[in-house]
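First comes the structure, then the notes that go with it.
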Amino acid sequence: MIDRATVDRIMDAANIVDVVSEFVTLRKSGTSYKGLCPFHDDRTPSFSVSPARGVYKCFSCGKAGNAVRFIMDHEQMSYADALKWLARKYNIEVKERELTSEERQQENERESIFIVNEWAAEYFHNILLNDVDGKAIGMAYFRSRGIRDDIIKKFRLGYSLNRRDAMATEAQKKGYKAEFLVKGGLCGQRENGSLYDRFAGRVLFPWMGVSGKVVGFGGRVLDSRTKGVSQKYVNTPDTPVYHKDHELYGLFQAKKAIAKEDCVYMVEGYTDVLSMHQCGIENVVANSGTALNLHQIRLLHRFTQNVVLLYDGDEAGIHAAMRGTDMFLAEGMNIKVLLLPDNDDPDSFARKHTATEFREYIATHQTDFMEFKTHVLLNNNNDPIKRAEAISSIVKSISVIPDQIKRAEYIKQCSVNIGTPERTLINEMNKFIRREREEKYKQAEREAAKQQQNTPIERATASKLADDVERMITQEVMRHGEEVIFHNVQLNEGEETTDVTAAEYVYYDLGADQLRFQNAIYNRILEEAVAHVHDEGFKADEYFRSHPDGEINQVAAELCTETYMLAKSNQMRKEEDSLQSRIVHLLLDYRMTFVKNRLEQIKLLLPTASESERPALQQEWMKLLAIRQEIARRVGHSILVRS
């Protein structure tokens, strides 16, 4: 466990803008920064970062927190690992006690796989550079493709020996467990328990996540063996840290160049990426054998909204470009398409040209998506039926663009290009838009129906209200726990009067009725706030946001940035909106939820209660109604009592 002093140093050093900028392109907006939220399907910048407060907040999905919380959520790390990540970034020495054997067993599975992957990447790279077979076979392959040493090092390329258990044997000798070699996809396991190398005899292309961690591998069988081989490429299977359709090869190496150029080139293969880097074009990524999907598009959108699809000029390249166009457009991205000359792919073309020549070719030959589709679908096509289908396809692509002004401009241009009246194209486009909206509406209705099926609505609502009120009370304790809200209060008869802080008042008020929060973390926060509220210099928000306990830190990061919108019935008049009145009202609301829940339980129990049980339930029912009415009077609600 990391000691408190080290946590404080890390929190003091962590610059929220600096940390978030590693993963999201941010632009200055007043005193804050804005960008596309990495935690949901964001099309317009709803993600705000405040350097003054050291927090981020998405005003669309609600995600919020500090630098530690961001790394935890984005990189799917534990609290301790996120702190270590920040410590490495800011060169802070981490002091922690040695883990017990039980804690070692509970080490995060994901982190164990990351560790094994990191070792494997170094192992394969070392084999390529220093082993006799690695140099004679693996390096010979890369040399035949014209790949330089600096690119080999930059992308950590490697080679796996052709012996079926070479890597597995070495890994186990180094102390890495068979369990994580298998779970990480590096090895398979035979029925007798022995391991075999998944990538034996192949050159290796490590896949790195946005943060630079090795998440998986792609292995290519060598040219001399490709004839008749059913799988030229083998990739890491789905693991807890790697899903091929969620990743883009080369993104880690390209992300700074993408942000700088505000543009990304999308290619198909590993060597396309390597060759373009080698000729000086670094803002390039590949989907490498997977059909382009929304996960990959949204990952790219965090860095830029300008994409050039750079594919072979053959039929397969045209098909790939056509398939990806609508998906990019629907996400609000700007698409250009460039098909290279026949018999050339980005790899071969890059090796024939300098970066300047390549960029000049791109600038002069790339076309807007609509020009591309018009050329491909309508070129020398005089069949009225096929032309109508082609025009409908082009209009459908325009219809998915979320920006109305862009849609209007594309419709105008389309009308000019194909000679069809603009009004006709607009009518066709509106049909596509209506169909899409209707389908989304029906899908939302289906999902809502599933959620509501067999759910007792009143009980669910009451439970949700209790959770919300608990959260709001804890938020006040987090933000203002040390502030005095009552002066000169005599807590017990015969004792001297004292000032009562917000945290203490909540604690004493709940304790008077022997109430506790349903959420155990909220109870821990309240108790700890009361224990430290009179410590010199104690500030509740600072204390909990840098708390060494990961669970408490997580809640603090959320609550210290979260804003609640109360229902109209719970909103207070502005003149009453003081900390004292807020807490008093929230505690009354909290009691109200308990009363409502119990009334609901009694309502369900009465029809099946025995004759002996019914009088007690009816008596409790009347008593609870009176309590509810009194609470309502104090809160200022108007409740009609129905028998």
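Just from its helices, what would the mean residue ellipticity at 222 nm be for the chain, if runs of 4 or more DSSP H residues each count -39500 (n - 2.57) and the sum is divided by every residue, rounded to the nearest 500 deg cm²/dmol?
After summing the helix terms and dividing by the residues of the chain, the value is -16500 deg cm²/dmol.
Hey, can you rank 417-423, 277-283 by average C-beta count inside 10 Å, highest first?
My ranking of the peptides, most packed first, is 277-283, 417-423.
Output the Kirkwood hydrodynamic radius of the range 62-218, Cα pairs only, in Å rounded to one decimal.
Working: mean 1/r = 0.0574 Å⁻¹.
After inverting the pairwise mean of 1/r, the radius is 17.4 Å.
How far apart, in nanometres, would the label points at residue 422 and residue 90 be if each is projected 7 angstrom from Cα along the Cα-to-Cβ direction?
Using points 7 Å along Cα→Cβ, the separation is 5.6 nm.
Cβ under 14 Å from residue 71's Cβ, residue 71 left aside: what net charge do those residues give with Lys, Arg +1 and Asp, Glu -1?
Neighbour charge sum, excluding residue 71 itself: +1.
Counting only complete DSSP H runs, which helices of the chain cover 27 Å or more along their long axis at the Cα atoms and score a mean Kyte-Doolittle of -1.0 or above? Show your work: numbers first, answer last.
Working: long enough: 109-130 (31 Å, -0.03); 422-452 (45 Å, -1.91); 457-480 (34 Å, -0.56); 579-605 (39 Å, 0.14); 614-635 (31 Å, -0.45).
Helices meeting the span and hydropathy rule in the chain are 109-130, 457-480, 579-605, 614-635.
Equivalent ellipsoid semi-axes for the chain, as square roots of 5 times the alpha carbon gyration tensor eigenvalues: give them largest first, rounded to whole Å.
Working from the Cα gyration tensor, I get semi-axes of 55, 35, 24 Å.
Report the FRET efficiency, 1/(1 + (r/R0)^6), for residue 61 and residue 243, where r is their Cβ-Cβ distance and R0 is 25 Å, rounded to 0.05.
Details: r = 21 Å, r/R0 = 0.83.
After rounding to 0.05, the efficiency reads 0.75.
Would you mind classifying the range 247-371 by shape? Square roots of the alpha carbon gyration tensor eigenvalues, ordered a ≥ b ≥ c; an a/c under 1.5 is rounded, otherwise it is prolate if a/b is larger than b/c and oblate if not.
Judged from the Cα gyration tensor, the range 247-371 comes out rounded (a/c under 1.5).
Taking the inverse of the average 1/r across all pairs of different Cα atoms in the range 307-360, what Kirkwood radius in Å do you get?
Kirkwood hydrodynamic radius for the range 307-360: 11.9 Å.
Give me the percent relative contact order of the chain, please, defined on Cα pairs under 8 angstrom at least 6 residues apart. If you can, show how the numbers build up before the last one.
Values: 869 pairs, mean separation 60.8, N = 643.
This gives 9 percent for the chain.
Given R₀ = 60 Å, what would the calculated FRET efficiency be for residue 439 paired with residue 489, taking r from the Cβ atoms and rounding to 0.05?
In this case the efficiency is close to 0.50.
Taking the Cα centre of the range 138-207 as origin and charging only Cβ (+1 Lys, Arg; -1 Asp, Glu), how large is the dipole, in debye to the nearest 20? Write out the running numbers ahead of the final one.
On the way: 15 positive and 7 negative charges, 45 e Å.
Dipole of the range 138-207, to the nearest 20 debye: 220 debye.
Jot down the per residue volume, in cubic angstrom and as a whole number, of the convex hull over the alpha-carbon atoms of the range 149-271.
About 141 Å³ per residue, rounded to a whole number.
Stretched out fully, how many nm does the piece from residue 496 to residue 44 gain, at 0.36 nm a residue minus the Cα gap?
Gain on stretching residue 496 to residue 44: 156.9 nm.
Would you please classify the overall shape of the range 355-416 from the alpha carbon gyration tensor, given that a ≥ b ≥ c denote the square roots of the eigenvalues, rounded means a/c under 1.5, and beyond that prolate means a/b larger than b/c while oblate covers the rest?
Details: a/c = 2.95, a/b = 1.38, b/c = 2.14.
Oblate.
Need one number: nm distance between label points at residue 602 and residue 136, each 7 Å from Cα along Cα→Cβ, rounded to one decimal.
About 8.9 nm separates the two model spin labels.
Taking all protein chains as present, what is the carbon and sulfur share of the accessible area of the chain, in % to the nearest whole number, probe 1.4 Å?
The nonpolar share, carbon plus sulfur, comes to 48 percent.
Please work out how much accessible surface residue 261 shows to a 1.4 Å probe, ignoring ligands, DNA and RNA, in Å² rounded to 10.
Result for residue 261: roughly 90 Å² accessible.
What distance in nm separates the simple spin-label points at residue 318 and residue 356, each placed 7 Å from Cα in the Cβ direction?
It works out to 3.5 nm between the two label points.
How much of the calculated P(r) for the range 315-412 lies past 18 Å, in percent of all Cα pairs?
Roughly 54 percent, once rounded to a whole number.
What accessible area per residue comes out for the chain, rounded to a whole number of Å², with a 1.4 Å probe?
The answer is 52 Å² per residue.
Near residue 219, within a Cβ-to-Cβ distance under 9 Å, what is the net charge of the other residues, with Lys and Arg +1 and Asp and Glu -1?
+3
Rounded to the nearest 0.05, what FRET efficiency do residue 610 and residue 408 give with R0 = 60 Å and r taken as the Cβ-Cβ distance? Could you check?
Efficiency for this residue pair is about 0.25.
Which part of the range 40-56 falls in the paramagnetic zone of residue 17, meaning amide N under 17 Å from the point 7 Å along Cα-to-beta-carbon?
47-56
The values are calculated or read from the model by the stated rules, or taken from the named source; none is laboratory data. Keep in mind it's a predicted model, so treat the numbers as computed, not measured. Please note: Cβ atoms are built from the backbone with ideal geometry, for glycine as well, and neighbour counts cover all protein chains shown. All accessible areas refer to the heavy atoms of the entire protein, side chains included, with ligands and DNA or RNA removed. Shrake-Rupley method; radii C 1.70, N 1.55, O 1.52, S 1.80 Å.
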